[in-house]
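Since every read-out is calculated from the coordinates, none of them should be taken as a lab result. Note that this is a predicted model, so its numbers are computed, not measured. So basically every Cβ, Gly included, is an ideal-geometry build from the backbone, and we count neighbours across all protein chains shown.
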Amino acid sequence: MLVRPLRRLLGRPSVVSYFHTTHPWRASKVIQKFKLADIGEGITECEVIKWSVQPLARIQAFDPLCEVQSDKASVEITSPFDGVVKELLVQEGEIAKVGAGLCLIEVDEEVSVEAAEPSSESQGEALSPQPSPTVPPPTETKSQVPRRLHPMDPNYVSPGTGAENVLAPPSVRHFARQKGVDLAGLMPGSGKGGRIEKRDVEASLVQSPTTTGAQPIASGQDVVVELGRTRYNMWKAMTKSLEIPHFGYSSTLDITALHDLLPILNAHIPQHFLPSSSRPPFIAVNPSAIYPASSPPDVPESQQYTRLTYLPILLKTLSKAMQEWPLLRSSITPTKADTGSSKPTLTVRPHADISVALSTPTGLYSPTLQQVDTHSIYSLAARLKHLSHLGRQTPSGLTPAEMPKRGGTLTVSNVGALGAGEFASPILVPGGGVAIVALGRAKWVWDVDRGDGKGERRLKLGVSWSADHRVVEGAELAAFVECWRGYVEVPERLIGDGL
């Protein structure tokens, strides 16, 4: 009974649906030239210290590409694209110009494609009774590459310690490569966490001089030494400084009152600036019993200290004088061909930005303390401590955050901390503001003008100024120094200004 209905069912024409897959996007390969961006004011070129990738290597956005060293800081360059590195245009140890290409990266660009719909003429066509084929699920043609985590991601796990993953600064890698030393054979190093330092490479050169290929230097012969990157930039900056007519002015400041005030300030350093070992014991009385008190900001270990010096106080008083003298808060904007004006301009800033000359193992730098007038003496001391910590690293740990594109309008050089000299002749470089002051060694002297003619023993500090005489008059600089003297020799004025 069931055979006839089944035959009828099999003999009827069936309607079949045809499925098709549309591809609205098509990937095309495009070569992108990655250029070196402007990383600082006055920086026109950088030295490529280390490449983190090799040709034909697949990279993703935010992956490190290379490390470059300028006369101001060492900067890690990351990739803005996902793609494949096709060619390195600048090799390690070579100079890259700002705006020039660093490498070529092949990236995928998606292009819209109109997909054609197949006709449905065959709908309703009779088919033989065959089992319908099983349509496999669509497979993705583009292979999925697992995306690596960014080094700043909390889930990022650093790779193992191989010959290519030696923990060493870029400058040490460059130095070892020049001397032919394999860093993998020096692990672990003498630095923190097994970091290989330059002294480890030098020690290996002393122990095995024949393996490095270095030629011994005979005594009594001249040795030709090439200028390093930072010192060569200092050479160029000093050469350009000859274009600036300098006006020099020297004087002495009586810092006896500061000397008497310093122990009081040291005895009341805020707790969040002190190391944990120097903080006072916990107080049993809770100041937040009724309402939560404002908590102090977190201060990293590199900014903690136990003793103040004269420098942060001098910087604070200098910022007070700069607020009264807008000329010393101004920077020179040279003429530009696109503006059509033949006259330079002065840009007056609302706050006191002061650069500090910093001598480091890798050279001379001038990091900037921004908005000094808005900081306390204690916070300035913390920032100076942090700058010193970054400068002692090899290579220099100073970044564009400490070396901004727009530097200070005034520079301070504390040369008195290194020698016994009282006065100097500081040099102003283009882009370094309108004036520079060198602080000498403070000395106790007998001042015959005090004590009703009998004289008094006073602590005097020699200061030496150089100003850009194109915009700063000699009388203006002298009057500004006297304004500064009013704050330095009477520090109680800071209390009145703070109320």
*Measure out, as a whole number of angstrom, how far apart the alpha-carbon centroids of the range 241-275 and the range 406-425 sit.*
11 Å
_Inter-part distance where the range 461-499 and the range 43-102 are each reduced to a Cα centre, Å_ = 45 Å
*So in the range 412-474, what percent of DSSP beta bridges are antiparallel if you round to the nearest 5?*
85 percent
_Neighbour-count ranking [beta-carbon atoms within 10 angstrom, fewest first] of CYS66, CYS483_ = CYS483, CYS66
*How do ARG307, ARG229, ARG485 rank when sorted from fewest to most other Cβ atoms within 10 Å of their own Cβ?*
ARG307, ARG485, ARG229
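Send over the semi-axes of the range 398-499's equivalent ellipsoid, whole angstrom and largest first, taken as the square roots of 5 times the C-alpha gyration tensor eigenvalues.
Whole-Å semi-axes of the equivalent ellipsoid: 29, 18, 16.
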*Virtual spin-label span in nm between ALA417 and GLU243, 7 Å along Cα→Cβ*: 3.1 nm
*Straight distance only, please: which lysines reach the Cα of LYS86 with their own Cα at less than 16 Å, same-chain residues fewer than 8 apart left out?*
LYS29, LYS33, LYS35
*Would you kindly work out the equivalent ellipsoid of the range 226-297 from its C-alpha gyration tensor and give its semi-axes, the square roots of five times the eigenvalues, largest first in whole Å?*
48, 23, 14
*Order by protection proxy (mean Cβ within 10 Å, highest first), peptides 88-94, 345-351*: 88-94, 345-351
*Measure of size requested: the Rg and Dmax of the range 25-112, with Cα atoms as the atom set and Å as the unit; please supply both.*
13.7, 47
*May I ask for the net charge around GLY433, where only other residues with Cβ less than 11 Å from the Cβ of GLY433 are counted and Lys, Arg are +1 while Asp, Glu are -1?*
+1
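R0 = 41 Å: FRET efficiency of LYS343 with SER251, Cβ-based, nearest 0.05?
Taking R0 as 41 Å, the efficiency between LYS343 and SER251 is 0.80.
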*In the neighborhood of GLU243, defined by Cβ-to-Cβ distances under 14 Å, what is the net charge if each Lys or Arg adds +1 and each Asp or Glu adds -1?*
+2
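Per-residue counts of other Cβ atoms within 10 Å, averaged by peptide: what ranking do you get for 363-371, 430-438, highest first?
Sorting 363-371, 430-438 by mean packing, highest first, produces 430-438, 363-371.
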*Show which lysines lie in cross-link reach of LYS343 when reach means a straight Cα distance below 27 angstrom and same-chain residues fewer than eight apart are skipped.*
LYS236, LYS240, LYS405
